[in-house]
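The next block holds one structure in the form of structure tokens; read it before the comments.
The values are calculated or read from the model by the stated rules, or taken from the named source; none is laboratory data. Worth saying up front: this structure is predicted, and the values here are computed from it rather than measured. Glycine gets a Cβ as well: all are built from the backbone with ideal geometry, and neighbour counts include every protein chain shown. For the accessible areas, the whole protein counts, side chains as well, though only heavy atoms, and no ligand, DNA or RNA atoms are used. Shrake-Rupley method; radii C 1.70, N 1.55, O 1.52, S 1.80 Å.
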Amino acid sequence: VDTSAGRGGPGGETAAAMRRGVEPAADPGGGREQTAERLLRSTAQRSYDPELEIDWSAPPVPGLGYLREERCSLYGTPLWRSLSPEQRLELGKHEAASVASVGIWLEFLLMRMLTKLVYEGDPTSRHVQYALTETADECRHSTMFARMIERIETPAYGPTRSVHRRGRVLPLLARGPAMWGAVLIGEEVVDRFQREMVGDESIQPLMRMVNRIHIVEEARHIGFARAELVRSIESTPRWQLPYHRLLLSHIAYIVCRSLINPRVYASVGLDPRATHRVALNNPHHRATIRFGGEKIMPFLAEAGLVGEPGMYFWRKSFLVE
């Protein structure tokens with residue numbers, strides 16, 4: 001996706017913003033209202049309606065995948081080599097559905113955090129109005145992912161039950177840097193995989209179009225969250241940073257370990273529990289998670305959010321070796 005101009009995405013970053021790794025939405029002047037005003041204009045100019053933009057009646061193309069093979073959790077293992085080409089396609093389809101359904105769960109959590117911001121804010125401010133606009137975007141994205149899962153005829157796996165229960169308290173615990181860091185972990189890791197697939201003609205057209213829409217609109221959300229994280233770090237006392245580091249590292253661990261629900265392995269006749277252990281020990285799978293974090297991790301480290309007392313969970317998340 002060309003996100004430099006036109007409908008494909010926002011553009012015009014300043015050199016300072018690019019050095020910080022902030023997406024085009026970030027405001028070089030540091031003003032919340034100016035950032036939000038620009039994001040609202042961008043939303044009005046470059047938004048998609050998945051109901052109209054996607055041909056939901058189109059049949060799948062025989063032989064095309066739903067996920068790049070090298071991003072499958074078993075890639076490179078003896079189990080992977082034992083699978084037939086058809087089984088590899090099937091497993092990739094179910095893993096793609098797992099990532100999408102976990103994405104829906106993460107967007108639900110994001111919407112809860114955004115509405116908390118709105119509840120405490122001034123509805124006449126551009127900042128709160130953009131938070132409402134992003135909430136509407138995430139509603140459309142969740143519906144789009146749900147329709148995609150339905151269309152490819154897989155379960156909506158989502159996270160495990162224990163993780164789902166723990167997710168209920170995240171909006172209560174996460175605030176300031178940890179909250180915006182959690183948003184970025186959830187958005188940017190998946191965004192990296194989607195950008196890799198969107199131009200790959202070996203991937204199903206439905207998947208590529210869903211990814212294209214999400215990439216363009218998510219660029220604004222990422223820019224908003226990055227700018228908010230920078231502001232929240234500046235206003236957070238240094239003595240509170242260890243709390244944010246620990247909480248964010250634990251959230252990253254939960255997110256990265258939840259992307260592939262173990263139940264996907266039953267789709268190709270493999271034992272979910274045993275195969276899940278194989279995947280977690282697979283160097284290719286660990287490298288895939290690190291690939292997903294390559295853009296966001298330097299940004300979080302520069303912000304002071306990667307370090308003790310959270311390094312145990314950062315390593316267990318596979319985002320850090």
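Please indicate, with yes or no, whether at least one residue in the stretch 259-271 is within 16 Å of the chain's Cα centre (by Cα), more than 19 Å from G167 (Cβ to Cβ) and either outside any helix (DSSP H, G or I) or modelled with pLDDT of 95 or more (or both).
no
Sort out which residues of the stretch 267-277 are open to solvent by less than 60 Å² (accessible area, probe 1.4 Å) and either touching a residue at least 24 places away in the same chain (Cβ under 8 Å) or in contact with a helix residue (DSSP H, G or I) (Cβ under 8 Å, 6 or more places away or on another chain) (or both), and write them in order of number.
Residues satisfying the conditions are S267, V268, L270, P272, T275, H276.
Among the residues in the stretch 153-172, are any among the polar types (S, T, N, Q), closer than 29 Å to Y265 by Cα, open to solvent by 50 Å² or more (accessible area, probe 1.4 Å) and touching a residue at least 12 places away in the same chain (Cβ under 8 Å)?
yes
Does A279 qualify as being in a helix (DSSP H, G or I) and under 21 Å from E107 (Cα atoms)?
no
Any residue in the stretch 278-297 that is out of contact with any helix residue (DSSP H, G or I) (no Cβ under 8 Å at 6 or more places or on another chain), of a type outside the set (D, E, K, R) and surrounded by fewer than 14 Cβ atoms within 10 Å (Cβ to Cβ)?
yes
So which residues in the stretch 227-255 are touching a Phe, Trp or Tyr at 6+ places or on another chain (Cβ under 7 Å) and either open to solvent by 10 Å² or more (accessible area, probe 1.4 Å) or over 18 Å from E308 (Cα atoms) (or both), if there are any at all?
E228, L229, S232, H250, Y253
Residues in the stretch 54-75: is at least one in contact with a Phe, Trp or Tyr (Cβ under 7 Å, 6 or more places away or on another chain) and closer than 21 Å to L184 by Cα?
Yes, some residue in the stretch 54-75 is in contact with a Phe, Trp or Tyr (Cβ under 7 Å, 6 or more places away or on another chain) and closer than 21 Å to L184 by Cα.
Scan E51, E95, E70 and give me the residue that is closer than 28 Å to V264 by Cβ, among the charged types (D, E, K, R) and buried (at least 21 other Cβ atoms within 10 Å of the Cβ).
E95
Would you point out which residue out of G186, G181, G176, G199 is of a type outside the set (S, T, Y) and open to solvent by less than 10 Å² (accessible area, probe 1.4 Å)?
G181 is the lone residue from the list that is of a type outside the set (S, T, Y) and open to solvent by less than 10 Å² (accessible area, probe 1.4 Å).
In the stretch 299-321, what count of residues is obtained for those that are surrounded by fewer than 13 Cβ atoms within 10 Å (Cβ to Cβ) and either touching a residue at least 60 places away in the same chain (Cβ under 8 Å) or among the small types (G, A, S) (or both)?
Final tally of qualifying residues: 2.
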